[in-house]
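Colleague: A single structure is presented below for examination.
The values are calculated or read from the model by the stated rules, or taken from the named source; none is laboratory data. Because the structure is a prediction, the values reported are computed rather than measured. Don't worry about glycine lacking a Cβ; one is built from the backbone with ideal geometry, like all the others, and counts go over all protein chains shown.
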Amino acid sequence: MKILTLHCDFIRFKPLKKAIKNPEELSEERKKEIVVKDPLVILTAVEKGDNDKVVKEMIASVKKTAGEVKAERIVLYPYAHLSSNLSDPTTALEYLAEAENVLKKEGFEVTRAPFGYYKEFELKCKGHPLSELSKQFRAEEDSTSMKASVKEDIIDPSKLYNKISQTKLDTSKLKENDHRIIGQKLGLFMFNESSPGAPYWLPNGLIVYHELLKFWREEHSKAGYKETMTPLVNKKELYDISGHWHHYKENMFVSDMGEDGVYCLKPMNCPNAMIIFKSQTRSYKDLPLRLSDADRLHRYELSGVLNGLLRVRSFQQDDSHNFITEDMISSEYEEIFRICEKFYSIFGLDYSFRLGTRPDKFLGESKTWDKAEKNLKEILKKSGKKFTIAEGDGAFYGPKVDIIMKDSLGREWQMGTVQLDFQLPQRFGLKYVDKDGKDKIPVVIHRVIYGSLERFIGILLEHTNGSLPIWLSPVQVRVIDFTERNTKAAQKIMEEIKKAIPEIRIDSDFRNTTVNDKVRDAEMQKVPLIIVIGDKEEKSNTLALRKRGEKPEFEVKLDSFIKETKGKIENRN
């Protein structure tokens, strides 16, 4: 059984038509639109092999989450899209009805959405740390059958390979500028069933990835950030201290190593940053201490919610944990907002801020929260950017400012986040020696600007329709010969450009086909600059230049082309 729990401001839904041959019978009341306010919504997929034990585990998990978010209303919502291994409808309906009855007896106000119908629905997720959790519950498998299947795989590897063949992209329901279509056309990334939800980055895509990280490293080095790298696998005890094991273990990849204990693939960088800070004595003179990292993270998202690069299980984010004193909060946020403006404006991306204030369930002192929230509101006003306030939407350890970005279709995405944390430093026993010689507990700001590099690239591809700025483009310049007699002259032009701009990514198309075919192929691959060398260009020692999306220019001097192109790449125009 797979579930996705969503703590919402509201959900409204209405059955439209039958989705299966024999859906459940509905009363006149259940045929109408239903609205439930402040519910914990449980999107549920009952799978083959589920049994009473699985249902009990699911109910216990729902009760636990409802208690953590203080939800009194629960909506059980059949959602087949979470799984490709669904049980038969009769069994699924029985288990959902059983869960409904048990939860009602536990004192919850339960609404079960109609089973077996196509439904229209709308919901608004609250957005706090526990507002969106995916979980999976499995029945124990027979050990004999497991051994048999392993033996079969060993005997016939071809059968195993068929199970992990490349994922085929169904483009029939996707928009033309969907990042998955663009990524496929430009050879940027792919997916394979050997690791669902984990992108395979291809050479062209890795160029884009590395250029974004190069820009990130340059800018953060200027701002005094110190990059670190920490283990990708940690013992469970680390997450016991941080609290993530209690709140987040269902979304972690976990391995029991027997006598050596339980290990987890790193789902976030925060606990490791605390370990580094605590590794030596710190003074107030060391603060602010900005520890950045771009390690790979892994989170177990249910297969039904995976969505290209926008929702993955393996990703990197431009993380940093900035250790400061309380009186540095305002200045540090202002500096982070400056970096934010630099990063988003260079891509022409529209963004705003959203302040999440103290939730009902919080750690720390109210007066500390009040002071922090007042500071953040003043800082946001000074930033000149549009911002909204989401009351009670802060993290349990401190208020946060989310970076909200609009994509090319006007959809809003939470990208980066800047979270103020008073609690993790206490849980890890962090201290610094203040100017008065006394030990003080630092405050830490968790912040990401890009957010997930995977999601950022996905949205950027859709925003630009694949026409990336020249400094990000896998191929920046392509040189084309008009005919075979112009090939040597075209090769000479390439060599001169490489000599003048050693880091340039330049290639050629000297195939024995028409120049129109070559230009069309370059345009399909979104190459920013296309140079054509024919008899006229060879004789005058000039270039015929096609800038992406513009009309061709003739008699362009090589020196002026090199100067302009070098400037665009270096300045990231």
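Colleague: When you scan region 112-125, do you find a residue that is modelled with pLDDT under 95, touching a Ser or Thr at 6+ places or on another chain (Cβ under 9 Å) and not assigned by TED's automatic domain parsing to the domain that holds Leu420, even just one?
Modeller: Yes, region 112-125 has at least one match.
Colleague: Restricting attention to region 438-489, and to residues there that are touching a residue at least 60 places away in the same chain (Cβ under 8 Å), hydrophobic (A, V, I, L, M, F, W, C) and within 25 Å of Pro399 (Cα to Cα), which single residue is surrounded by the most Cβ atoms within 10 Å (Cβ to Cβ)?
Modeller: Val444
Colleague: Here are the criteria: (1) closer than 30 Å to Met268 by Cα; (2) modelled with pLDDT under 95; (3) polar (S, T, N, Q). Tell me which single one Ser473 does not satisfy.
Modeller: (2)
So that you can scan it fast, the table gives a plain yes or no per residue for (1) crowded, with 17+ Cβ neighbours inside 10 Å; (2) at pLDDT 90 or above; (3) touching a strand residue (DSSP E or B) at 6+ places or on another chain (Cβ under 9 Å); (4) not in a helix (DSSP H, G or I):
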position: Lys56; (1), (2), (3), (4): no, yes, no, no
position: Ser61; (1), (2), (3), (4): yes, yes, yes, no
position: Ile74; (1), (2), (3), (4): yes, yes, yes, yes
position: His81; (1), (2), (3), (4): no, no, yes, no
position: Glu98; (1), (2), (3), (4): no, yes, no, no
position: His128; (1), (2), (3), (4): yes, no, yes, yes
position: Leu133; (1), (2), (3), (4): yes, no, yes, yes
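Colleague: Does Val110 satisfy the criteria of being in a strand (DSSP E or B), touching an Asp or Glu at 6+ places or on another chain (Cβ under 6 Å) and not charged (D, E, K, R)?
Modeller: Against the criterion (in a strand (DSSP E or B), touching an Asp or Glu at 6+ places or on another chain (Cβ under 6 Å) and not charged (D, E, K, R)), Val110 qualifies.
Colleague: Show the residue pairs meeting these rules: Cβ distance below 6 Å; 6+ apart or different chains; first residue within region 400-428 and farther than 12 Å from Gly356 by Cα; second residue part of a strand (DSSP E or B) and of a type in the set (Ser, Thr, Tyr).
Modeller: Filtered contacts from region 400-428: Ile404/Ser352; Met405/Tyr351.
Colleague: Consider region 234-267. How many of its residues are touching an Asp or Glu at 6+ places or on another chain (Cβ under 8 Å) and either in contact (Cβ under 8 Å) with a residue 60 or more places away in the chain or loosely packed, with under 15 Cβ neighbours inside 10 Å (or both)?
Modeller: 4
Colleague: Could you check, for region 304-319, whether at least one of its residues is in a helix (DSSP H, G or I), closer than 30 Å to Tyr79 by Cβ and at pLDDT below 90?
Modeller: Looking for residues that are in a helix (DSSP H, G or I), closer than 30 Å to Tyr79 by Cβ and at pLDDT below 90, one finds at least one in region 304-319, hence yes.
Colleague: OK, next. Just need a number here: residues in region 268-284 that are of a type in the set (S, T, N, Q), part of a loop (DSSP other than H, G, I, E, B) and either in contact (Cβ under 8 Å) with a residue 12 or more places away in the chain or farther than 22 Å from Arg447 by Cα (or both).
Modeller: 3
Colleague: Identify all residues within region 324-361 that are touching a Phe, Trp or Tyr at 6+ places or on another chain (Cβ under 8 Å), of a type in the set (Phe, Trp, Tyr) and not in a helix (DSSP H, G or I); write none if there are none.
Modeller: Tyr351, Phe353
Colleague: Okay, next question. Just to verify a result, which residue in region 490-502, among those that are surrounded by 12 or more Cβ atoms within 10 Å (Cβ to Cβ) and of a type in the set (Lys, Arg), is nearest to Asn512 (Cα to Cα)?
Modeller: It comes out as Lys492.
Colleague: Also: Listed residues Lys367, Lys381, Lys374, Lys361; which is touching a strand residue (DSSP E or B) at 6+ places or on another chain (Cβ under 9 Å) and of a type in the set (D, E, K, R)?
Modeller: Every option except Lys381 fails the conditions.
Colleague: Go through (1) within 27 Å of Arg572 (Cα to Cα); (2) out of contact with any helix residue (DSSP H, G or I) (no Cβ under 8 Å at 6 or more places or on another chain); (3) outside any helix (DSSP H, G or I) and name the single condition Gly364 misses.
Modeller: In the conditions (1) within 27 Å of Arg572 (Cα to Cα); (2) out of contact with any helix residue (DSSP H, G or I) (no Cβ under 8 Å at 6 or more places or on another chain); (3) outside any helix (DSSP H, G or I), Gly364 misses (1) alone.
The rows are residues; the columns are (1) modelled with pLDDT under 95; (2) closer than 26 Å to Gly243 by Cα; (3) touching a helix residue (DSSP H, G or I) at 6+ places or on another chain (Cβ under 7 Å); (4) not acidic (Asp, Glu).
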{"site": "Asp350", "(1), (2), (3), (4)": "yes, no, no, no"}
{"site": "Asn375", "(1), (2), (3), (4)": "yes, no, yes, yes"}
{"site": "Leu430", "(1), (2), (3), (4)": "no, yes, yes, yes"}
{"site": "Lys438", "(1), (2), (3), (4)": "no, no, no, yes"}
